[in-house]
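Before any comments, here is the structure.
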Amino acid sequence: MDGADRKRSNCTKPNSTAREAMVKDGNNKRDPVPERVTLKKEIGLLSACAIIIGNIIGSGIFISPKGVLEHSGSVGLALIMWVLGGGIAALGSLCYAELGVTIPKSGGDYSYVTEIFGGLVGFLLLWSAVLIMYPTTLAVIALTFSSYVLQPVFPDCLPPYTATRALSTTCLLFLTWVNCSSVRWATRIQDIFTVGKLLALGLIITVGLVQICKGHYDSLTPQAAFDFWKTPSVGQVALAFLQASFAFSGWNFLNYVTEEVVEPRRNLPRAIYISIPLVTFVYTFTNIAYFTAMSPEELLSSNAVAVTFGEKLLGMFSSIMPISVALSTFGGINGYLFTSSRLCFSGAREGHLPSLLAMIHFKQCTPIPALLVCCAATIVILCIGETQTLINYVSFINYLSYGVTIAGLLFFRWKKPQLHRPIKVNLIVPVLYLIFWAFLLVFSMYSEPVVCGIGLIIILTGVPVYFLGVHWKKKPKCLDSFIESATYVGQKLCFVVFPQIDPMQDEAMPKNTKL
């Protein structure tokens, strides 16, 4: 895990390895190499909104309603949990908007925590994210995609284990190829499928409003909505919120690709301000629509809420729902691959992962090694087959990282009060978030001590890895030679080089911010 000293290249021309790797066309002429081999700024405001919305709206809105209702004990409290989930995501996103324009680096939470708290804390967050958090989430979304695609083929039973894994793997490999080939292709897929999933949820909401106009809202009247069939404990309410928060996960993903956003100081906060309220509105009214077609008992007994909704209200057009879910999850896989690969790229650039992962294709300017690692890790999780168990660990680790990052915002303000901050949120915003975060964390640990304990163990396994792989500088020469040889082979196979730093971008970076 070396390469920290080589993470930045200030050369103005591609190196000899890149020149030798240039591909010849049919006339034996070399294809032109970009003037500057660096990540391209191709994410405008529309694509930025699509990344946030597309990453949030994946499989969660089609999976989580059952869990939220089960732990809430009533329709009314379940709807409150959905609104609260959006509100807390909005508070967190405001804090991330300040961090994103103050520390304008790709990598999101990891980059901010590394800048503020130092290498060990940043590495632990990176370790848990690369090891389990993002591969598991990707695996869950991919399995949801394959299950809905195969449902028409196996209408009376669950699709075979092998078939779902094979289709999930095929989808992952295809989207990895797309992301390796072009940033523009990846963002266009994200734009198109985000519009598609919003249209699908818009259809559900419209049908639900029609049902309300017809008087089918028995479960939504105040008396019925707060008729608890069980009295939820504080721990159960916390678990209900965790289920809702799983559906909102991804609200911070634009911060992972800050360096590829056009005018990030303007478009990053704008995209956040547009996307989070829109998703909260869509989620809340989608759940209201579900309750116009199903009683709480029917929703709890359904394994595919959107499909059951379509079968009850759309008649011959009910097949639209499984297709819509498949399209939604397809776009979600693309978004997670795009953003999680940038996390690996940022980690390698800081010297916390093998230096090969900090390289990009000399012509397409895409982080191919990082994308391949994300794809491979997800396929391993798919083969394990215990993704549902891992979701609980993912939710806990996710929330832990959010709290540490926003606590870092307060610490950063205290240590660097004079640092220029283009956006500076009111102090009440991070304080409110952290109060709620602490409350949720305490009751989650009380209700699910085993899950939280294993989550902490997963994080702490990164401590020896950090000291052996990163902190230990004087490694044996044979190990250094092996790493260099492996890096060289990887470069030749993937046609990748270290990116060059844009001087304008380098000037915009905060200087000497590590504490």
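The values are calculated or read from the model by the stated rules, or taken from the named source; none is laboratory data. These numbers come from a predicted model, not from an experiment. Cβ atoms come from the backbone with ideal geometry, glycine included; neighbour counts cover every protein chain shown. Heavy atoms of the whole protein, side chains included, go into the accessibility calculation; ligands, DNA and RNA do not. Shrake-Rupley method; radii C 1.70, N 1.55, O 1.52, S 1.80 Å.
Okay, here's what the table says:
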read-out: Area accessible to solvent at ARG165, 1.4 Å probe radius, in Å²; value: 40 Å²
read-out: Relative contact order (%) - criterion: Cα under 8 Å, at least six apart; region: the chain; value: 35 percent
read-out: Order of exposure, largest accessible area first, which applies to LEU479, LEU150 with probe 1.4 Å; value: LEU479, LEU150
read-out: Inter-label distance for LYS424 and PHE154, nm, one decimal - labels placed 7 Å from Cα along Cα-to-Cβ; value: 5.8 nm
read-out: Of every Cα-Cα pair in the chain, the percent that sits beyond 36 Å; value: 31 percent
read-out: At least 18 Å along the helix axis (C-alpha) and Kyte average at least 0.0, DSSP helices within the chain; value: 75-102, 134-150, 161-181, 183-213, 234-248, 264-293, 320-349, 368-384, 387-415, 428-447, 477-494
read-out: Pairwise label distance in nanometres, ILE212 with GLU298, each label 7 Å out on the Cα-Cβ vector; value: 1.8 nm
read-out: Listed residues VAL380, VAL394 arranged by accessible area, highest first, probe 1.4 Å; value: VAL380, VAL394
read-out: Over segment 308-383, relative contact order from alpha-carbon pairs under 8 Å, at least 6 apart, %; value: 20 percent
read-out: For q = 0.14, 0.16, 0.23 Å⁻¹, Debye-computed log10 I/I(0) when each Cα of segment 90-205 counts as one equal scatterer; value: -0.90, -1.08, -1.26
read-out: Heavy-atom accessible area order for VAL149, VAL75, largest first, 1.4 Å probe; value: VAL149, VAL75
read-out: Net length gained if the chain between THR231 and LYS312 were fully extended (0.36 nm per residue, minus Cα distance); value: 26.2 nm
read-out: Per-residue SASA entry for ARG266, accessible area with 1.4 Å probe, Å² rounded to 10; value: 110 Å²
read-out: 32 Å Cα-Cα threshold exceeded, pairs from LYS66/LYS214; LYS197/LYS230; LYS41/LYS424; value: LYS197/LYS230
read-out: Residues of the chain: accessible area per residue with a 1.4 Å probe, Å²; value: 42 Å²
read-out: Sparse-neighbourhood loop sites, chymotrypsin sites (Phe, Trp or Tyr not before Pro) in segment 196-276 - DSSP loop, at most 15 other Cβ within 10 angstrom; value: PHE226, PHE228, TRP229
read-out: Within the accessible area of the chain (1.4 Å probe), percent carbon and sulfur; value: 66 percent
read-out: Segment 45-503 - charge dipole about Cα centre, Lys and Arg +1 at Cβ, Asp and Glu -1, debye rounded to 20; value: 1260 debye
read-out: FRET efficiency estimate (nearest 0.05) - Cβ-Cβ, VAL465 to PHE174, R0 45 angstrom; value: 0.90
